[in-house]
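Structure first, commentary second.
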Amino acid sequence: MLKQPRNSHKFGCSSAFGFRIYLVSLEPNTFQMPEKVRVRFAPSPTGPLHIGGVRTALYNYLFARKHNGTFILRIEDTDQNRFVAGAEDYIIEALQWCGIPFDEGPGKETKFGPFRQSERAHLYGKYAEMLVDSGKAYYAFDTPEELQKYRKEVESQGNTFIYNWENRALLKNSLSMTEPQVSAIIASGTPYVIRFKMPEHKRVELFDIVRGQIEIDTATLDDKILFKSDGMPTYHLANVVDDHLMEISHVIRGEEWLPSLALHYQLYDAFGWTKPEFAHLPLILKPTGNGKLSKRDGEKLGFPVFPLSWEQSIGYREAGYYPEAVVNFLAFLGWNPGDDREILSLKELVESFDLDRVHKAGARFDPDKTKWYNHNYLQQRSDIELVQDLKKHTELGLDSFSDAFLEQVIRLLKERADFALDIWTQGHYFFVPPVNYNEKAAKKHWKDDTDALMGELLDLLGGLEDFAAPVLENKIKAWIEQKGIGFGKIMAPLRLALVGELKGPGLFDIMELLGKQESEARIENAVRRI
Ligand code: GLU
């Protein structure tokens, strides 16, 4: 009969991760800066990078730049089952687009490389064996079916099965077998894994820069597999070995890795290696604040969750966001500079950033705020830059319009635009004459005498040589005054004729830009059609 963790409920409070932590104190985050700052972003190429991953990369980048350190990209691809073709290229392209390039990584080799774990696969076995030799790890021969059977047995009694001190003596491993038995089973070619021998009862004190001191009792932690039967290391072993070999000074990663910290601490101790500092970044939460932001939230509410498009999912780049805006809003998801500035360039972010201002609480994602950031960065762009941005939307067929014309349209509409494409959607009538007229507005403003008034206006316009906005304003206003009618009687139908509805920038600016011929044609059209 197997033993179960009878007292598991008594070990501190349950965390979101199903393991128990003791928050001992929330002391000020004090840590010593090592001489050389080396940080890494270590994604697994299992798909596109979620913006949470981009934020992790960004914080690593900012921290490295701030401390004249090195930012490394390490591809953690030891799990061949989860490998997705194209994901690594995607990650690299996304970092490039964001303007946060890595200093060392695939394609940027140094003495610390290679930077793909699959290319380092030969390295890890030796480290796993070292731990077996020193008694910190052991071989386990249980087949998945056997483990499943044990698990069922334990669960049928309403308990949870954990492969650790409580059960390991009853399972098939080098701790429960004699040495000759172990040698024989290995010699027979039976597949095995190497598991970490988690101490039975040990209080481990962890320090996280964001969360302060954390204390964990190892009693409820399991004997994690370090080395798999396929000859590949698991995440835990490869990650710790590489952080050591690559001389990583600070591990900055998502909060979902906090449950692994106790194991990682013990691995460093088992190897006798100096530990890096750790900082676990808060989760990015749904717009409602309830739970982790997911791909589905983006689909439901219509905002991107990926930096670049991936399959059916649109990326920030393709949705018309500027990388500066994305970087800026990501920086603020879990951090702030401690003053009321919100618009910070990458350079300013580097200057202001530090880990001691990273928040503990999850950061609620606000899609409107991302637009607000983009709006701000759009306003900083010159008109000619915006012409280029707009022309990137080749589907609009803007090639027949001159840059000078586009610049003028942009000048009139820019202030209200969040995206370059807004210039098109809000100023559609600059490029295509209205076909339909807002019905409600037409009913209200196109009166019985409007046709005649528009005819008179056409006569007036026909006599004008100069079609500049101030001239138009002068002449038209003088004519209206002279007729002794209200401005609205002319201006509203005129706007309807030119724009199709009662919106848009100054009417005389619109007329100047459309030019005499086009303005006249539109008025004639409206007279015919309304
Ligand atoms: N490969 C892990 C991931 O996909 C890395 C976690 C870490 O930074 O330690 O996020």
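The values are calculated or read from the model by the stated rules, or taken from the named source; none is laboratory data. Quick caveat: nothing in here was measured; it's all calculated off a predicted structure. As a convention, Cβ positions derive from the backbone with ideal geometry for all residues, glycine included, and neighbour counts pool all protein chains shown.
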Failed criterion for G455 (all others in (1) farther than 26 Å from L413 by Cα; (2) touching a Leu at 6+ places or on another chain (Cβ under 8 Å) hold)
(2)
Select, from E247, E256, the only residue that is among the acidic types (D, E), assigned to a loop (DSSP other than H, G, I, E, B), within 16 Å of the ligand (Cβ to nearest atom) and in contact (Cβ under 8 Å) with a residue 12 or more places away in the chain.
E247
In the range 215-244, the residues that are within 29 Å of G362 (Cα to Cα) and away from the ligand (no atom under 16 Å from the Cβ)
E215, I216, D217, T218, A219, T220, L221, D222
Restrict the check to the range 197-206 and report whether at least one residue is under 33 Å from the mean Cα position of the chain (by Cα), in contact (Cβ under 8 Å) with a residue 60 or more places away in the chain and away from the ligand (no atom under 16 Å from the Cβ).
yes
Picking from T110, T78, which residue would you name as being surrounded by 14 or more Cβ atoms within 10 Å (Cβ to Cβ) and among the polar types (S, T, N, Q)?
T78
Of the conditions (1) within 38 Å of the chain's Cα centre (by Cα); (2) modelled with pLDDT of 95 or more; (3) among the polar types (S, T, N, Q), Q181 fails just one. Which one is it?
(1)
Considering the range 336-384 alone, what residues qualify as being among the hydrophobic types (A, V, I, L, M, F, W, C), loosely packed, with under 14 Cβ neighbours inside 10 Å and free of Cβ contacts under 8 Å to residues at least 24 places away in the same chain?
I384
Please specify each residue of the range 72-115 satisfying the condition of being within 15 Å of the ligand (Cβ to nearest atom), outside any loop (DSSP other than H, G, I, E, B) and over 21 Å from R55 (Cα atoms).
Q80, N81, R82
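Return a yes/no flag: does the range 77-100 have any residue that is polar (S, T, N, Q) and either under 25 Å from A331 (Cβ atoms) or under 20 Å from the mean Cα position of the chain (by Cα) (or both).
Yes, some residue in the range 77-100 is polar (S, T, N, Q) and either under 25 Å from A331 (Cβ atoms) or under 20 Å from the mean Cα position of the chain (by Cα) (or both).
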All conditions in (1) surrounded by 12 or more Cβ atoms within 10 Å (Cβ to Cβ); (2) closer than 23 Å to G47 by Cα; (3) among the aliphatic types (A, V, I, L, M) are true of L175 except (2)
Picked from the range 275-287 (must be assigned to a loop (DSSP other than H, G, I, E, B) and touching a residue at least 12 places away in the same chain (Cβ under 8 Å)), the residue surrounded by the fewest Cβ atoms within 10 Å (Cβ to Cβ) is P287
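Among the candidates T56, T46, single out the residue that is within 16 Å of the ligand (Cβ to nearest atom), under 21 Å from A121 (Cβ atoms) and not basic (K, R). Talk me through it step by step, then tell me what you get.
Values: T56 fails: under 21 Å from A121 (Cβ atoms).
Answer to the selection: T46.
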Residues satisfying the stated conditions in the range 334-377, i.e. charged (D, E, K, R) and more than 28 Å from R416 (Cβ to Cβ)
D339, K347, E351, D354, D356, R357, K360
So which residues in the range 466-476 are surrounded by 14 or more Cβ atoms within 10 Å (Cβ to Cβ) and under 14 Å from G506 (Cα atoms)?
A469, V471, L472, E473, I476
Here the residues within the range 211-252 that are out of contact with any helix residue (DSSP H, G or I) (no Cβ under 7 Å at 6 or more places or on another chain) and of a type in the set (A, V, I, L, M, F, W, C) are I214, A219, I225, L245, M246, I248
Can you say whether A442 is in a helix (DSSP H, G or I), touching a Pro at 6+ places or on another chain (Cβ under 9 Å) and under 27 Å from I523 (Cβ atoms), as far as the supplied structure shows?
yes
Any residue in the range 154-178 that is modelled with pLDDT under 95 sitting within a Cβ distance under 8 Å of a residue that is assigned to a loop (DSSP other than H, G, I, E, B) and among the aromatic types (F, W, Y)? List the pairs, counting only those 6 or more apart or interchain.
V154/F161; E155/F161; N167/F161
Any idea how many residues of the range 396-417 are at pLDDT below 95 and acidic (D, E)?
1
For S156, all conditions in the list (1) over 37 Å from the mean Cα position of the chain (by Cα); (2) of a type outside the set (K, R); (3) surrounded by fewer than 18 Cβ atoms within 10 Å (Cβ to Cβ); (4) closer than 26 Å to H264 by Cβ hold save one; what is the number of the exception?
(4)
Might you let me know whether the range 189-202 holds any residue that is in contact with a helix residue (DSSP H, G or I) (Cβ under 8 Å, 6 or more places away or on another chain) and more than 24 Å from A270 (Cβ to Cβ)?
no
Flag for D269 being away from the ligand (no atom under 14 Å from the Cβ), more than 31 Å from the chain's Cα centre (by Cα), in a loop (DSSP other than H, G, I, E, B) and among the acidic types (D, E):
no
Residue check: is L263 within 16 Å of the ligand (Cβ to nearest atom), under 23 Å from S44 (Cβ atoms) and assigned to a strand (DSSP E or B)?
no
Checking the conditions here, which among I194, I186 is buried (at least 20 other Cβ atoms within 10 Å of the Cβ), among the β-branched types (V, I, T) and modelled with pLDDT of 95 or more?
I194
Residues that are of a type in the set (A, V, I, L, M) and more than 22 Å from the chain's Cα centre (by Cα): which helices (runs of 4 or more DSSP H) entirely in the range 319-417 hold 1 or more of them?
383-391, 403-413
K126 without any contact (Cβ under 8 Å) to a residue 12 or more places away in the chain and under 15 Å from L226 (Cβ atoms)
yes
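If you go through the range 119-138 one residue at a time, how many are touching a helix residue (DSSP H, G or I) at 6+ places or on another chain (Cβ under 8 Å) and assigned to a helix (DSSP H, G or I)?
Qualifying residue count for the region: 7.
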